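**Student:** Take this structure first; my questions come after.
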Amino acid sequence: MEKKVFISVGRRFKPEQEKFLEQLQALLIAGGVTPVIFGKTAFSSGQPLQAIKDLMGQCDGTMILAFERVHIKEGKELRGGSEERDIVSANLPTAWNQVEASMAYALGHPLFMVAENGLRSEGLIEKGYDWWVQWVDLNSNVFTKTEFAGGLKDWLNRVKEHKRPEPLRSGENEYRRMVESIG
């Protein structure tokens, strides 16, 4: 069975973001998996959240590519509260990275998180969860670094071993299947 991986990546607006994505796609294909990117390799005329859920259900792993999307020159966090803080020069990725990382985790996908250096570390794009965040500069040198290459190889192995849940049979409900799987 073909192994597919869902890549969560927002719209690329810098040439280095697009080039990084293209090089990573080539690496994944060379590693024996097919990258699936909503809006680039897969499309839907329906609601995006449902389409993404359906696509992810056909995949065996998820890679989050968190690229800068928003730059905040100056702002406030927790504005008006007793813990108000200044924000100075903060970069944020698309909110879809957080949504899709959550969906991947709920699906039991092996998750590989790649974050552009300079992004604010928060939510699922920070250390302390069930995955390691690879903080990178967007250039091809990153692909040869031991930490990145080793992490990618381990993730690809877990993707290849991943077993997708059986689709629901006619008349079966998800709750009953979950209870039966517990034993």
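Only the coordinates and a few stated rules stand behind these numbers; no lab work does. From a predicted model like this one, the values you see are computed outputs, not experimental measurements. Backbone-built Cβ (ideal geometry, glycine too); neighbour counts: all protein chains shown.
**Student:** Calculate how many DSSP beta bridges within the stretch 4-182 are antiparallel, expressed in % of all such bridges and rounded to the nearest 5.
**Tutor:** Working: 8 of 27 bridges.
The antiparallel fraction comes to roughly 30 percent.
**Student:** Going by average Cβ neighbours within 10 Å, how do the peptides 104-112, 71-79, 132-140 rank, with the highest at the top? Before the final figure, lay out each step's value.
**Tutor:** On the way: 104-112: 19.3, 71-79: 10.6, 132-140: 16.1.
By packing density, highest mean first, the sequence is 104-112, 132-140, 71-79.
**Student:** Pick from R120, R85, R12: which residue has the top mean-square fluctuation in a GNM of the chain where Cα pairs under 10 Å get a spring?
**Tutor:** R85
**Student:** So what's the back-of-envelope 222 nm ellipticity for the chain, counting only DSSP H runs of four-plus at -39500 (n - 2.57) apiece and dividing by all residues, rounded to 500? Walk me through the intermediate numbers first.
**Tutor:** On the way: 5 runs with 64 residues, N = 183.
One gets -11000 deg cm²/dmol as the mean residue ellipticity at 222 nm.
**Student:** Extent of the chain along each principal axis, from alpha carbon coordinates, in Å, largest to smallest?
**Tutor:** 54, 43, 35
**Student:** Here's another thing I want to ask about it. Could you order the peptides 146-159, 50-63 from most to least packed, using the average number of other C-beta atoms within 10 Å per residue?
**Tutor:** Working: 146-159: 15.4, 50-63: 18.9.
Sorting 146-159, 50-63 by mean packing, highest first, produces 50-63, 146-159.
**Student:** How many angstrom lie between the Cα centre of the stretch 132-163 and the Cα centre of the stretch 43-57?
**Tutor:** 26
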